[in-house]
Amino acid sequence: MLHKLRSYGFNARIFEKAPHIGGTWYWNKYPGARCDTESLQYSYQFSEELQQEWEWSEKYATQPEILKYLKHVEKKFKLSESITLNRTITDIIYDGKAGLYKIRSNHSEEYYSKFCILASGCLSVPIKPNIMGVENFTGEIFQTSKWPDKNIDFNNKNVAIIGTGSSGVHVIPIIAEYCKKLFVLQRTPNYAVPAHNRKLSDEYVKKFKDNYKVNREKAKKLVSGFLTHYNSASALEVNDSELKREYDKRWEAGGLAFLAAFCDITYNKSANKTATDYIESKIKEIVEDQEIAKLLTPNSIVGCKRLVIDSNYYATYNRKNVALIDINQEPIKALTEKTLKLKNIELDIDTLILSTGFDAMTGAINNINIVGENSKTLKDKWSSGPSSYLGLMVNGFPNLFTITGPGSPSVLTNMIPTIEQHVDWIAECIRYMKKRSYYSIEANLEAERSWVKFNEDSARNTLRYECKSWYLGSNVKDKQRIFLPFVGGLPAYIKKCEEIVKNSYEGFRFSN
Ligand code: NAP
């Protein structure tokens with residue numbers, strides 16, 4: 001966004017809470033952290049030179065490699081001079097008369113800006129359980145999403161981990177390898193499909209890079225914004241051997257493309273059951289102790305919660321030093337000086353790891369005191385659930401944009417292309433306003449309401465309402481249950497955004 005605005009001649013500055021750039025790839029540096037979207041696609045496409053010169057080493061890049069890439073981008077485009085690190089923005093207050101936002105930081109600084117763009121992340125506010133007696137614990141507590149900048153020695157340590165979402169599933173097999181004992185405290189099992197990560201061969205990279213432009217264009221035409229083969233066949237129309245052949249192929253290839261094995265997996269319960277039956281048979285096959293296999297089996301809808309991509313997760317439960325504990329049977333009671341007390345068991349532990357998720361999509365925005373027209377706060381406006389037009393702007397908050405805000409495809413798609421689409425849209429909009437000497441832009445209330453309703457109705461037609469998930473805000477106490485990302489897929493979203501622009505920014509109003 002900074003690079004684009006600068007290239008259009010605007011003056012812009014980034015404020016970043018962390019002491020380092022990288023966002024999610026700075027904070028989540030737990031052992032085993034790597035992206036589960038293929039590296040050649042989980043990367044910027046705004047610069048052909050950049051995408052040709054950068055060399056990804058593996059199918060799924062590790063956190064350090066992605067952070068290195070981001071540092072390279074920062075250096076290449078000389079971004080650091082316009083980035084202020086270690087700044088938490090506390091207030092963003094609209095002054096309608098001046099046509100400016102007053103932006104305050106935790107260092108008591110004040111800045112004024114005509115436009116304000118929130119690029120504060122979809123999964124950037126960690127949540128953690130309140131465990132009684134935490135202050136008595138003499139061991140160490142780490143959170144995967146706030147992992148410290150140091151090597152942690154797990155040798156000879158008894159470790160407990162809470163949370164078995166993507167982050168937990170990634171860290172568990174790694175820590176199991178070198179700790180003395182690992183207790184996995186599971187509340188809800190997830191479906192996991194293998195990553196089959198590998199080094200990228202020179203031939204594969206060359207072929208992909210030679211066709212980068214075409215590949216990127218093709219990817220934009222797919223719901224997930226991710227280039228893969230979407231099978232147009234229904235899981236209910238093929239015979240058992242065809243069904244198995246397709247799932248075997250997807251399992252062997254690895255990754256999120258498992259959900260594209262048949263066209264109706266995410267819409268039709270019977271079709272979904274063919275996929276869950278397949279994964280559940282794999283769990284039984286991999287895990288030696290069938291009682292543990294049963295505990296790891298979700299008996300749910302695959303793709304309702306975010307599908308997890310794993311390396312060696314299920315096989316980790318065959319290790320002698322790993323114990324799986326169902327906290328529905330054995331609820332966590334308290335931490336003592338050296339133990340974690342459950343209902344009937346007391347675990348001697350040196351280290352506790354929390355991998356308990358995020359206040360997704362609205363958490364970071366709501367952490368800022370954002371005041372719009374007529375002194376109304378965004379938090380008040382969103383008290384009965386977030387509303388936004390396209391996940392880009394909110395009525396009552398002129399000139400305030402959100403990158404991948406609630407109502408945008410974001411987390412259901414390949415994040416980088418989806419972010420770049422927002423960046424381009426916002427930059428073009430600001431340029432359009434400058435050319436016409438417009439003073440402000442604001443989303444109309446009607447347009448916003450109909451977008452929210454359209455998304456909610458569309459989400460209810462999928463299987464995503466069949467479970468509790470962070471997509472619905474159900475992992476955060478008292479958070480409104482509303483489907484947060486746009487479910488209609490990237491092509492439909494891009495088409496809508498383009499039509500709106502073509503119709504002179506339909507649903508927005510400008511003032512001069
Ligand atoms: P998550 O998917 O929300 O998982 C949190 C886990 O903690 C769940 O198992 C949850 O159980 C459990 N939990 C939460 N509060 C608890 C409590 N009080 N007591 C016991 N258990 C509790 O969070 P995440 O694993 O950090 O992943 C979030 C998202 O980040 C992913 O879905 C993915 O989109 C993204 N991510 C991506 C990557 C990648 O690309 N490689 C890696 C990590 C994360 P319940 O299910 O019962 O609530």
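The values are calculated or read from the model by the stated rules, or taken from the named source; none is laboratory data. The shown structure was predicted, so the numbers you read here are calculated from the model rather than taken from an experiment. Cβ coordinates were reconstructed from backbone atoms using ideal geometry, including for glycine residues, and neighbour counts include every protein chain displayed.
Looking at (1) in a strand (DSSP E or B); (2) under 22 Å from the mean Cα position of the chain (by Cα), which is the one condition that is false for Met361?
Of (1) in a strand (DSSP E or B); (2) under 22 Å from the mean Cα position of the chain (by Cα), only one is false for Met361: (1).
Would you kindly identify the helices (runs of 4 or more DSSP H) lying entirely within segment 158-273 that contain at least 1 residues that are closer than 22 Å to Asn28 by Cα, modelled with pLDDT under 95 and over 23 Å from the mean Cα position of the chain (by Cα)?
Numbers: elements: 166-178, 202-210, 212-220, 240-253.
Because the criterion is at least 1 residues that are closer than 22 Å to Asn28 by Cα, modelled with pLDDT under 95 and over 23 Å from the mean Cα position of the chain (by Cα), the helices (runs of 4 or more DSSP H) in segment 158-273 that meet it are 166-178.
Of the numbered conditions (1) closer than 21 Å to Ala61 by Cα; (2) surrounded by 20 or more Cβ atoms within 10 Å (Cβ to Cβ); (3) away from the ligand (no atom under 16 Å from the Cβ), Lys206 satisfies every one except a single condition; which is it?
Every listed condition holds for Lys206 apart from (2).
Restricting to segment 126-181, give me the number of residues that are touching a helix residue (DSSP H, G or I) at 6+ places or on another chain (Cβ under 8 Å) and hydroxyl-bearing (Ser, Thr, Tyr).
Counting residues in segment 126-181 that are touching a helix residue (DSSP H, G or I) at 6+ places or on another chain (Cβ under 8 Å) and hydroxyl-bearing (Ser, Thr, Tyr) gives 4.
Filter segment 13-56 down to the residues that are within 16 Å of the ligand (Cβ to nearest atom) and among the hydroxyl-bearing types (Ser, Thr, Tyr) and list them by number. I'd like the intermediate steps shown before the answer.
So in segment 13-56, the residues within 16 Å of the ligand (Cβ to nearest atom) come out as 22-43, 56.
Hits for segment 13-56 are Thr24, Tyr26, Tyr30, Thr37, Ser39, Tyr42, Ser43.
From the residues in segment 316-362 that are of a type in the set (A, V, I, L, M, F, W, C) and more than 20 Å from Ser166 (Cα to Cα), which one is nearest to the ligand (Cβ to nearest atom)? Write out each step before concluding.
Pass one, segment 316-362, residues of a type in the set (A, V, I, L, M, F, W, C): 322-325, 327, 332, 334-335, 340, 342, 345, 347, 349, 352-354, 358, 360-361.
Those left that are additionally more than 20 Å from Ser166 (Cα to Cα): 332, 334-335, 340, 342, 345, 347, 349.
Values: Ile332: 7, Ala334: 13, Leu335: 13, Leu340: 12, Leu342: 12, Ile345: 15, Leu347: 14, Ile349: 15 Å.
Residue satisfying both the conditions and the ranking: Ile332.
Name the residue that is farthest from Gly372 (Cα to Cα), counting only residues in segment 96-129 that are of a type in the set (A, V, I, L, M) and within 15 Å of the ligand (Cβ to nearest atom).
The extreme case among them is Ile127.
Considering segment 178-194 alone, what residues qualify as being within 28 Å of Thr266 (Cβ to Cβ), of a type in the set (D, E, K, R) and more than 8 Å from the ligand (Cβ to nearest atom)?
Hits for segment 178-194: nothing passes.
For residues in segment 428-445 being part of a helix (DSSP H, G or I) and crowded, with 19+ Cβ neighbours inside 10 Å, which is farthest from the chain's Cα centre (by Cα)?
So, considering only residues that are part of a helix (DSSP H, G or I) and crowded, with 19+ Cβ neighbours inside 10 Å, the one farthest from the chain's Cα centre (by Cα) is Met433.
Among the residues of segment 411-429, which ones are away from the ligand (no atom under 16 Å from the Cβ) and not charged (D, E, K, R)?
Passing the criteria: Gln421, His422, Val423, Trp425, Ile426, Ala427, Cys429.
Of all residues in segment 81-117, which are within 25 Å of the chain's Cα centre (by Cα) and part of a loop (DSSP other than H, G, I, E, B)?
Hits for segment 81-117 are Leu85, Asn86, Arg87, Thr88.
Which condition number in (1) loosely packed, with under 13 Cβ neighbours inside 10 Å; (2) without any contact (Cβ under 8 Å) to a residue 60 or more places away in the chain; (3) away from the ligand (no atom under 16 Å from the Cβ) is the one that His72 fails?
Checking His72 against (1) loosely packed, with under 13 Cβ neighbours inside 10 Å; (2) without any contact (Cβ under 8 Å) to a residue 60 or more places away in the chain; (3) away from the ligand (no atom under 16 Å from the Cβ), the one that fails is (1).
Go through (1) within 13 Å of the ligand (Cβ to nearest atom); (2) closer than 21 Å to Leu342 by Cβ and name the single condition Ile175 misses.
Going through the list (1) within 13 Å of the ligand (Cβ to nearest atom); (2) closer than 21 Å to Leu342 by Cβ, Ile175 breaks only (1).
Listed residues Ser43, Ser82, Ser124; which is out of contact with any His (no Cβ under 9 Å at 6 or more places or on another chain), within 20 Å of Leu256 (Cβ to Cβ) and modelled with pLDDT of 95 or more?
Result of the check over Ser43, Ser82, Ser124: Ser43.
Given (1) under 18 Å from Ile103 (Cα atoms); (2) surrounded by fewer than 22 Cβ atoms within 10 Å (Cβ to Cβ); (3) not small (Gly, Ala, Ser), where does Phe397 come up short, assuming only one miss?
(2)
Scan segment 14-32 and tell me whether some residue there is within 18 Å of the chain's Cα centre (by Cα), farther than 28 Å from Ser201 by Cα and among the aromatic types (Phe, Trp, Tyr).
Within segment 14-32, one or more residues are within 18 Å of the chain's Cα centre (by Cα), farther than 28 Å from Ser201 by Cα and among the aromatic types (Phe, Trp, Tyr).
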